[in-house]
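A.B. asks: I'd like to ask some things about the structure below.
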Amino acid sequence: MAIKKGLFKTSVGRKNLMAVTGLFIIFFLIIHLVGNLILIIPDSFFPIEFWGNVANQHDMYNAYSHFLVHFWPITIVAWVLYAAIALHIVDALLITLNNWKAKGEKYAVTDNSTSTWISRNMGILGTVIGVFIVLHMAQFWLQYKVLKVEHDLYNLVIETFKVWWMVVIYEIGIIALGFHIVHGIESAHRSLGIYPKKAMNIIKYIALFFGLFMAILYAIIPIILYFK
Ligand code: HEM
């Protein structure tokens, strides 16, 4: 009961929950990126003698996705991920509602001098990512993992990125994700208070570099596949 009150009812609890779920989602995004980079590795990288019977990019990508669905420990991690995403969204809504309430009170002070453009627009960025995730899950996850109507995930992904406006939607979602990651990493470390204040400057640069790095690598996948 005390933990529940601490997590959802206090501002510190809500921020800590946001930080922990956010960091877990980032961990997933790193693995997800590595898996999807297979899509842009040239076939010449898959010599048959080295990879056994995995002879090309098509087989490698489908072998990877088959493994994700049929290896039970990954299924457990996937459920933890869905729970983390749901908690992250509910928590974000609670924090936003609370901020609105605080702004309505006459003694509440809006200090724009210390907040960056990203931190003031986390709500908008989060909403763009939310819409993107719904579309993304409906396209791939629902068809392949849930309804099981699509068995060749590689072909599904390749066909999707042959449509120019689909590439545009992905680029918008990925840019929003990049900004969200930069601010998210920084504020997660501040919320959890793991480091001394001085180290926060370094964390800021690490967050910026990491957010950019992730966004660029995700963003090049649809573009390369479109022109392939
Ligand atoms: C160009 C980049 C991307 C490609 C090609 C891609 C591809 C896929 C595919 C094929 C799936 C279904 C199979 C699976 O579960 O792994 C999937 C699932 C998923 N994707 Fe992506 N994705 C991309 C970017 C993203 C981004 C930027 C996000 C987050 C904002 C994201 C979040 C997810 C989530 C949460 C799932 C469900 C994971 C699960 O059930 O284990 N993806 N993606």
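A.B. asks: Cβ under 14 Å from A199's Cβ, A199 left aside: what net charge do those residues give with Lys, Arg +1 and Asp, Glu -1? Can you show the working numbers first?
C.D. replies: Values: positive: R190, K197, K198, K204; negative: E186.
Around A199, the surrounding residues sum to +3.
A.B. asks: Whole angstrom only: what separates the Cα centroid of segment 11-44 from the Cα centroid of segment 188-203?
C.D. replies: 20
A.B. asks: Not counting the cut sites, what is the longest span of the chain without chymotrypsin sites (Phe, Trp or Tyr not before Pro) that DSSP labels loop and that have at most 12 other Cβ atoms within 10 Å? If you can, show how the numbers build up before the last one.
C.D. replies: Working: sites that count: F71, Y107.
Looking at the chain, 108-228 is the longest stretch - no exposed chymotrypsin sites (Phe, Trp or Tyr not before Pro) with at most 12 other Cβ atoms within 10 Å.
A.B. asks: Considering only Cα-Cα distances, which of the following residue pairs are longer than 31 Å: K15/K228; K101/K145; K101/K204? Walk me through the intermediate numbers first.
C.D. replies: Details: K15/K228 43 Å; K101/K145 41 Å; K101/K204 29 Å.
Result: K15/K228; K101/K145 exceed 31 Å.
All of the numbers you see were taken from the coordinates with simple rules; none came from a lab. These figures come from a predicted structure and were not determined experimentally. Counting neighbours? That spans all protein chains shown, and the Cβs are built from the backbone with ideal geometry, glycine included.
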